[in-house]
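Some notes on the structure that comes next.
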Amino acid sequence: MEKGPLGRERILELLPHRYPMLMIDRVLEIGENYVRAEKVISSNEPALQGHFPGRPIFPGVLILEAMAQAAGIWAATNSPALREKLSVLAGIDGARFRRQVVPGDVLVLEARALAARSKLIKIEAKASVGGETVAEAVIMAAFVPKEGGEA
């Protein structure tokens with residue numbers, strides 16, 4: 001099992017996402033059942049051009065996506081079999097947003113495995129800025145074949 005930190009090259013190997021949907025800039029630490037990663041919020045983020053002009057706020061749905069991608073990295077580093085599958089969002093429970101995320105913020109993403117099976121994982125996820133929680137949710141992801149067909 002990899003421990004971290006992991007840079008951009010390794011992240012690109014582990015996740016199928018690419019710009020502008022890649023939400024992980026660096027993986028800080030990977031443990032037996034958790035991962036900590038970062039996303040630097042730049043004023044150049046494509047979503048900020050329209051959300052909102054004159055008052056850019058990083059969209060909550062993209063914070064959830066970043067937490068899910070952190071969970072995907074945990075799954076890929078803990079199970080070689082899962083690296084051959086595509087992780088897709090299967091559900092989100094109890095999502096809460098505590099404060100706005102703006103350009104210049106460094107989003108620290110934490111995901112902790114609650115349950116993991118061959119086709120589904122359930123993750124408790126949290127995003128914070130400067131030690132203050134900005135979002136939290138329980139995320140479920142399903143694993144499907146990368147090229148269509150049966151899971």
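Quick look at the numbers
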| item | result |
| --- | --- |
| Check on A115, of a type outside the set (S, T, Y), loosely packed, with under 15 Cβ neighbours inside 10 Å and touching a Lys or Arg at 6+ places or on another chain (Cβ under 6 Å) | yes |
| Some residue of region 43-63 being in contact (Cβ under 8 Å) with a residue 60 or more places away in the chain and more than 22 Å from G94 (Cα to Cα) | yes |
| Residue satisfying all of: in region 2-32; part of a loop (DSSP other than H, G, I, E, B) and hydrophobic (A, V, I, L, M, F, W, C); surrounded by the fewest Cβ atoms within 10 Å (Cβ to Cβ) among these | M21 |
| Neighbours by Cβ (under 6 Å, 6+ apart or cross-chain): first from region 87-109, in contact (Cβ under 8 Å) with a residue 60 or more places away in the chain; second loosely packed, with under 14 Cβ neighbours inside 10 Å | P103/S43; V106/V40 |
| Failed condition for I121, given (1) in a strand (DSSP E or B); (2) within 16 Å of E29 (Cβ to Cβ); (3) of a type in the set (A, V, I, L, M, F, W, C) | (2) |
| The listed residue being within 20 Å of R36 (Cβ to Cβ) and either among the aromatic types (F, W, Y) or loosely packed, with under 14 Cβ neighbours inside 10 Å (or both), out of E132, E124, E147 | E132 |
| Candidate set: region 40-90, residues that are in a helix (DSSP H, G or I), touching a helix residue (DSSP H, G or I) at 6+ places or on another chain (Cβ under 8 Å) and farther than 20 Å from I30 by Cβ; chosen: the one modelled with the lowest pLDDT | A47 |
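The values are calculated or read from the model by the stated rules, or taken from the named source; none is laboratory data. Owing to the predicted nature of the structure, the values given are computational and were not obtained by experimental measurement. Backbone-built Cβ (ideal geometry, glycine too); neighbour counts: all protein chains shown.
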